[in-house]
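The values are calculated or read from the model by the stated rules, or taken from the named source; none is laboratory data. Source: prediction; values computed, not measured. Positions of Cβ are backbone-derived with ideal geometry, glycine not excepted, and every protein chain shown enters the neighbour counts.
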Amino acid sequence: MLDILAQLGTGFLHCIEPLNLLMIVVGIVVGLLVGVLPGLTLVMGVILVLPFTYKMPITPSIVLLTAMYVSGTYGGAFTSILFRIPGEPIHVPLLWDGYAMARQGKPAKALGWTLVAALGGGLLSWVILVLLTKPVADFALKFSTPEYFAIVVFGLASVIALGKGGLANAFISLALGLLVASVGTDATYGAYRFTFGLPLLADGIEFLVVMVGAYGVGEVLTRLETGFSGKPIEGVATAKTELPTLAEIGALKGMFLRSAILGNIIGIVPGAGATIASFVSYGVESQFGRHRAKMGSGIPEGIVAPQCAATASVGGALIPLLALGLPGSGATAVILGAFMLHGIQPGPQVLITSGPLIYTIFASLLIGTLLMCVLGYFAIRPLVKILDFPEAVVSAFVMILCFVGALSIRGNITDLYLMIGFGLIGYLFERLKFAIAPLVLGVILGPIAEESFMNAMISFGNDWTVFFTRPISGSIMALTILTLLLPVIASLKGRSNAAAPL
């Protein structure tokens, strides 16, 4: 323990060197901006910054990218809560309760809960990263393709169970999302699917087009139907920065711990990342939380669970990267590339061969998390004040963000038409009381689920029982089945009680 503290102290001294500290600040600011802008994903942002690190020393290069990584999991919270536009897939679960709380006249309170959740998840994640890197990474070695497929299915099932309008409607929404995700080229065999002879569809439909269209454009169309009769958020003129009290935070301490640990565990699974952590944490809270019946109505639990897990997944994803040389997410895959560009191969020996660098990364992650929350605190009020405009003006601004975001993905005008089409679908879903979340989640996780399923089938000789016979994947699949059965049991019980004589 004393050795760890001594090396951390050296890492903090390295972090306050002018160039390293500047890179941490730049990374936090750029990460927040990337998270806010729809269409510019965190991974894309890290990739765009990577070329600027070619001529830099290894330490400022890595702390720049890791600072972007941690702040990117938080930046999209602003547009999710204020505009109902998730800047990242990570923030789709956040808007279900965050936007609902904002519409109740408490946008600053919703953003305050988000900030506290990001801070709590980041701090616990940092402690786990520093103290438990090797033992937790050893446990992650037990995960193979069956376990990964099982955890993705669990994430899909969790959101199905949340669907408003009934379980059947949620299944239909998810099926449509999975169908959209299947458009393009088969990753395993290279065959074209549902492309209809259009070259653009050979690359598939970008999930950001679906996400921005269904949520952003769909919301504007819904407001247009009402004639822009009110402000986007009530009480915005008097809103102030409002952090939750210590008593309010203390009442949710168990959920903070649960979400942070879950985010860390999912982050450790190679390829899972913050998106799955966010969805699964929200789903777990909706199924087993103390206030699960109120989830989606604008309660703090629905904000804290996904944001805490998303930020906590950063430390979790860095564990397999540093200890095993395996990227735990798309962003850490880019960071791995930065390591290799500078002649360093992360792995079991990295703490011995490059100990000062690794502990500097640990220290920079803590500094970055704290700095991210300080900047987020002061950014809340200016962002809330932006909404003190007529609803039509704000909706026009939202549409501009949607079009810029969709066009920035591939620079192709066809994506704008696809975005408008999914905007109409989002509007119809709102009218028909179908849940949009399973649709979006199906598009995001569909390719991941397909790839892990096919890899499992190839590795285990097309034996589908492997998902149930392996201890870890079998346990996760059992939890998935339970998650799907609980709403059905609750519905049958409610009908039974309603039919019972008084």
Condition first: assigned to a helix (DSSP H, G or I) and at pLDDT below 80. Now tell me which residues in region 401-440 satisfy that. 401, 402, 404, 405, 406, 407, 408, 409, 410, 437, 440
Of all residues making up region 279-299, the number that are on the phi < 0 side of the Ramachandran plot and surrounded by fewer than 24 Cβ atoms within 10 Å (Cβ to Cβ): 12
With the requirement that a residue be modelled with pLDDT of 80 or more, in a helix (DSSP H, G or I) and over 16 Å from residue 418 (Cβ atoms), what does region 191-224 give you? 220, 222, 224
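Look through 136, 127 and report the one residue that is β-branched (Val, Ile, Thr), modelled with pLDDT of 70 or more and part of a helix (DSSP H, G or I).
Within the list 136, 127, the selection yields 127.
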Quick check on residue 487: is it of a type outside the set (Ser, Thr, Tyr), modelled with pLDDT under 75, surrounded by 13 or more Cβ atoms within 10 Å (Cβ to Cβ) and closer than 19 Å to residue 295 by Cα? yes
Counted residues, region 267-313 - those being farther than 21 Å from residue 252 by Cα, part of a helix (DSSP H, G or I) and out of contact with any Ser or Thr (no Cβ under 6 Å at 6 or more places or on another chain): 3
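The rows are residues; the columns are (1) in a helix (DSSP H, G or I); (2) surrounded by fewer than 24 Cβ atoms within 10 Å (Cβ to Cβ); (3) of a type in the set (A, V, I, L, M, F, W, C).
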| residue | (1), (2), (3) |
| --- | --- |
| 50 | yes, yes, yes |
| 56 | no, yes, yes |
| 63 | yes, no, yes |
| 72 | yes, no, no |
| 81 | yes, no, yes |
| 93 | yes, no, no |
| 97 | yes, no, no |
| 111 | yes, no, yes |
| 118 | yes, no, yes |
Mind counting the residues in region 263-282 that are within 14 Å of residue 154 (Cα to Cα), at pLDDT below 80 and small (Gly, Ala, Ser)? 1
Here the qualifying pairs (Cβ atoms under 7 Å; residues six or more apart or on different chains; first in region 46-68 and touching a residue at least 12 places away in the same chain (Cβ under 8 Å); second surrounded by fewer than 20 Cβ atoms within 10 Å (Cβ to Cβ) and not in a helix (DSSP H, G or I)) come out as 58/342; 58/344; 61/342
Go through region 165-190 and count every residue that is part of a helix (DSSP H, G or I), touching a residue at least 12 places away in the same chain (Cβ under 8 Å), more than 23 Å from residue 414 (Cα to Cα) and not aromatic (Phe, Trp, Tyr). 7
Out of the residues in region 263-297 that are over 13 Å from the mean Cα position of the chain (by Cα) and among the aliphatic types (A, V, I, L, M), state the one that is farthest from residue 332 (Cα to Cα). 293
Residue check for residue 98: under 23 Å from residue 297 (Cα atoms) and at pLDDT below 80: no
What's the number of the condition residue 502 fails, among (1) hydrophobic (A, V, I, L, M, F, W, C); (2) modelled with pLDDT under 85; (3) part of a helix (DSSP H, G or I)? (3)
Members of region 168-203 that are under 28 Å from residue 433 (Cα atoms), among the aliphatic types (A, V, I, L, M) and surrounded by fewer than 16 Cβ atoms within 10 Å (Cβ to Cβ): 168, 175, 179
For region 449-465, does any single residue satisfy the condition of being in a loop (DSSP other than H, G, I, E, B) and within 30 Å of residue 289 (Cα to Cα)? no
